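Shown next, in structure tokens, is the structure this report addresses.
Any read-out appearing in this document is the output of simple, stated calculations on the displayed coordinates, not a laboratory observation. Only a predicted model underlies this, so the values are computations on that prediction, with no experimental measurement involved. Here the Cβ is made from the backbone with ideal geometry for all residues, glycine too, and neighbour counts use every protein chain on show.
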Ligand code: FAD
Ligand code: NAP
């Protein structure tokens, strides 16, 4: 018997869950609030600490959030996440502090396996596992990033804070993200210094030209950052010339790491279609994926906005779509009414069929079975 067959057999003993949500950032908790208020009793796998990945998501790594509506005085990242979690628990949400290690989307209903407890059977799944901003791995990088000490992986999020105003700010990276971050920071910094490990940018020419012609930007080529100095706040960065090995230091008031992001999709083991950059592919203006009844939300589908509020927005969409999917395909609950000027919106782009009486006969993957979503 294969591991998958054993897992499916074990899980067939327990009752199926209407909605299983994987992740614990703004997308997951918003999806949980909506699903719970729709009486779907969602089960959330919030993960467990692994390196810089902490239950609560990326906002656990930052201090002040000044752009999440509803908090005119700002709110810390950990407090915002705690409040979202508490709101989800206020309704009937069950939380497991475990990582999802694998999912089986090859037959319906789906099976979700995690670190410690028995696998569960899921009628719908919402993937909200986010993305990791890549860090360099410097000895003092995380220490200063986690306590608002002037190291960040998100200029749009942190750049406008008073802490960074009128200071020399360093940006690491040579791709489009680094170009965007550098240009954004020119609004607040006295000078932006891009430190890049080679002598050419990887970024598109138009972005690179815009950066290179900006009066506030200077580039240090062929150089890598090897450490950050500062007790509670950054004071300087240590540099190493990649050609000569010569060491120097540069006084800065902030360091922005912009070397790319990695969406958290490994546990899916290729069962959902991904974009060229590894993000989960969803239908336009929907959160439906290549497999029927599986939805995705937050940074794991988004290499463009990458914000808490947009993650919450797509988390809301995923829960509403899951609710509609269950109503149409499993006869569970009532579909939330979503109407446009042209009339009711179908649950999927294709014509929706009558729900089958037996949940177990629900079609699974559109890709494999041609079933409606
Ligand atoms: P994430 O926040 O990425 O969280 C997903 C979480 O799911 C993971 O951390 C992990 O705990 C869990 N998970 C992952 N895999 C599994 C698994 N297999 N099983 C179970 N659980 C799993 N945005 C703003 O709008 N304003 C800001 O001020 C701001 N500041 C930021 C500062 C920093 C330093 C960073 C890095 C980002 C910042 N952002 C900010 C961006 C914001 O954090 C993200 O856009 C947002 O958190 C994405 O939310 P998400 O729900 O997609 O998931
Ligand atoms: P990227 O293209 O992979 O670039 C990452 C950059 O970081 C590279 O210059 C790389 O150096 C550098 N780097 C990687 N690891 C490093 C390390 N450990 N230390 C120092 N430097 C390191 O990633 P990205 O910039 O996030 O872009 C990803 C994709 O999104 C791209 O296709 C990009 O075009 C797209 N994007 C588009 C826009 C836009 O159009 N507005 C904005 C953002 C992103 P090397 O060059 O030496 O490898």
Pseudo-spin-label distance residue 115 to residue 37, built 7 Å along Cα→Cβ, given in nm, is 3.1 nm
Counting other beta carbons within 10 Å of each Cβ, put 96, 83 in order, fewest first. 83, 96
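Based on the alpha-carbon gyration tensor of segment 135-257 and its eigenvalue square roots a ≥ b ≥ c, which shape applies: rounded if a/c is under 1.5, prolate if not and a/b is larger than b/c, or oblate? Present the calculation step by step, with values, prior to reporting the outcome.
Values: a/c = 1.71, a/b = 1.12, b/c = 1.53.
Oblate.
For segment 62-193, what's the relative contact order in percent, using C-alpha pairs closer than 8 Å and at least 6 residues apart? Each step should come with its number before you reach the end.
On the way: 134 pairs, mean separation 21.4, N = 132.
It comes to 16 percent, rounded to a whole number.
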What spacing in nm lies between the two simple spin-label points modelled at residue 156 and residue 48, each 7 Å away from Cα in the Cβ direction? 3.4 nm
Roughly how many whole Å is it from the C-alpha centroid of segment 132-194 to that of segment 229-275? 10 Å
Full-extension gain in nm, residue 304 to residue 276, via 0.36 nm per residue minus C-alpha separation: 8.7 nm
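Would you kindly state how much longer the chain becomes between residue 89 and residue 168 on full extension, computed as 0.36 nm times their sequence separation minus their alpha carbon distance, in nm to one decimal?
Numbers: separation 79, 0.36 × 79 = 28.44 nm, distance 4.34 nm.
Using 0.36 nm per residue and subtracting the Cα-Cα distance, I get 24.1 nm.
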If you average the sequence gap of Cα pairs under 8 Å that are 6 or more apart and divide by the length of the chain, what percent do you get for the contact order? 18 percent
Treat each spin label as a single point 7 Å out from the Cα along the C-beta direction, and report the residue 97 to residue 143 distance in nm. 2.7 nm
Which whole number in µm²/s is D for the chain by Stokes-Einstein, with the Kirkwood Rh taken over Cα pairs at 25 °C and 0.890 mPa s? 111 µm²/s
Using R₀ = 25 Å, calculate the FRET efficiency as 1/(1 + (r/R₀)^6) where r is the Cβ-Cβ separation of residue 82 and residue 240; round to 0.05. 0.05
Sum of -39500 (n - 2.57) over DSSP H runs of 4+, divided by residues of the chain (222 nm, nearest 500): -7000 deg cm²/dmol
Extension gain, residue 107 back to residue 231 (0.36 nm per residue minus Cα-Cα distance, nm): 39.3 nm
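Which order do the peptides 310-319, 200-209 come out in when sorted by mean C-beta neighbours inside 10 angstrom, highest first? The partial results should precede the final answer.
On the way: 310-319: 25.4, 200-209: 14.7.
Top of the packing list down: 310-319, 200-209.
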Relative contact order (percent) for segment 135-257, with alpha-carbon contacts under 8 angstrom and 6 or more residues of separation? 31 percent
Would you please put 285-298, 24-37 in order of how densely packed they are, using the mean number of other Cβ atoms within 10 angstrom per residue and starting with the highest? 24-37, 285-298
